[in-house]
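Data first, discussion second: the structure below is written as structure tokens.
The values are calculated or read from the model by the stated rules, or taken from the named source; none is laboratory data. All of these numbers come straight from a predicted model, not from anything done at the bench. Virtual Cβ from ideal backbone geometry, glycine too; neighbours counted across all protein chains shown. SASA here: full protein model, heavy atoms, side chains in, ligands and nucleic acids out. Shrake-Rupley method; radii C 1.70, N 1.55, O 1.52, S 1.80 Å.
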Amino acid sequence: MIKKIFVVVSLFLFHNLVYGVDINDALKYLEENSLNIKIITRVVDEQGLTIWNANMSKITISGKSVKVKLQGVNILVITDITPYIRYDNTILLVSQGEVWIGSSESDEMNHYSTIKSLPVSMGESALFFPLGVIKAVDRKIYNIELEIQVNPNNRDSGE
Amino acid sequence: MCFDGQTLSAFLDNELESSKYLIVKEHLQSCSDCQKTIDLLQSVSSQVKLANNQVESFTKETVWTRLSHSTSPGRGLDFWHRAFIISPTLMISLSFLFIAILGASLFFSIFNDSSSFPFSNNADLSFESEKYPLEIPVDNVEKVLAYFNIHDEPLEFYMQLPGPSDFVIQGEPIFLKKTDYVAER
């Protein structure tokens, strides 16, 4: 009986040594698995010319989304971009877009939502058009496009 | 005239008077039943004598010898059945050691607030986005992942579009690779 108690107590005393996690291992895990998402938001006209753009980059991990909110006079676009690292080290990008758009003629407000996924390689750019793609028109309109690029978060790579 | 078992037993034990002994002896020569009885009594008597010879006197030494021979040298007891003696001094020392380690663990868990644990001032250990530096608790991997899930600051970016601009829904949202889009155009 004493022997059994002694063995149990010994295991309890050395519990941290058996099950502890090294801080360096946690840092290394972050280093190897974090991702850098670069998003370039552009406003283009009907001829495809960029009239406005903004860059951003965020560090995240697989499964953690990055949200982009774009607010205009009559429009609000919220885009959630979630990268998932696949078994072959490619990325599955899941983009969820919501658009609230008002009409200039009336007080009507419309809501649209979509969810799209796209497999890409590390460093490969993807384009997301939350309002769709401009077809040939004869008036001046604008469109929004988001260019998304996912890279491994490597401080040596620089930007 | 046959004799009873008691007489025959006395005859076998030479306990009869000489005159009666001769009469029984003469009768046995002609009576098979009495002879069978005599034979039976003789076999019982010899079995009893044999048993008596085999009974040992169970002294203390014989008992101990038997016990020691019953445990063969090569078998041995398993770990849990062996005698395990801990001296009182060792027991007290182990108890103090256990209390000290337990107290130290509780002390460090209470006073070490991991949720706001910053990296050291060494910039190489910090993970930063372009504009939003992050402080990540890294005492274990599970806390790091939980940090990303529950941290107050969401990973979002807000942009004000230039206005007034006329945005119109062109069609279904499209998500494609840049190379594919360029090729289509």
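The table for this structure:
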| read-out | value |
| --- | --- |
| Cβ-Cβ under 7 Å pairs, at least 6 apart or on other chains, segment B:15-29 side of a type in the set (F, W, Y), far side in a helix (DSSP H, G or I) | B:Y21/B:F11 |
| Which numbered condition A:I134 misses (of (1) at the interface with chain B (Cβ under 9 Å from one of its Cβ atoms); (2) open to solvent by 60 Å² or more (accessible area, probe 1.4 Å)) | (2) |
| Filter pass, A:N143 being in a strand (DSSP E or B), closer than 20 Å to B:L176 by Cα, open to solvent by less than 30 Å² (accessible area, probe 1.4 Å) and facing chain B (nearest Cβ under 9 Å) | yes |
| Residue check for A:G123: over 19 Å from the mean Cα position of the chain (by Cα) and outside any strand (DSSP E or B) | no |
| Enumeration of residues in segment A:35-51 that are open to solvent by 30 Å² or more (accessible area, probe 1.4 Å), of a type in the set (A, V, I, L, M, F, W, C) and more than 16 Å from A:I78 (Cα to Cα) | A:L49, A:I51 |
| Segment A:117-131: number of residues that are closer than 21 Å to B:Q170 by Cα and more than 7 Å from chain B (Cβ to nearest Cβ) | 1 |
| All positions within segment B:1-22 that are part of a helix (DSSP H, G or I) and either open to solvent by less than 100 Å² (accessible area, probe 1.4 Å) or touching a helix residue (DSSP H, G or I) at 6+ places or on another chain (Cβ under 7 Å) (or both) | B:G5, B:T7, B:L8, B:S9, B:A10, B:F11, B:L12, B:S18, B:S19, B:K20, B:Y21 |
| Candidate set: segment A:71-116, residues that are more than 22 Å from the chain's Cα centre (by Cα) and of a type in the set (A, V, I, L, M, F, W, C); chosen: the one nearest to B:P173 (Cα to Cα) | A:I101 |
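Conditions (1) at pLDDT below 85; (2) in contact with a strand residue (DSSP E or B) (Cβ under 6 Å, 6 or more places away or on another chain), marked per residue:
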{"site": "A:V18", "(1), (2)": "yes, no"}
{"site": "A:L27", "(1), (2)": "yes, no"}
{"site": "A:L30", "(1), (2)": "yes, no"}
{"site": "A:K38", "(1), (2)": "no, yes"}
{"site": "A:I101", "(1), (2)": "yes, yes"}
{"site": "A:I115", "(1), (2)": "no, yes"}
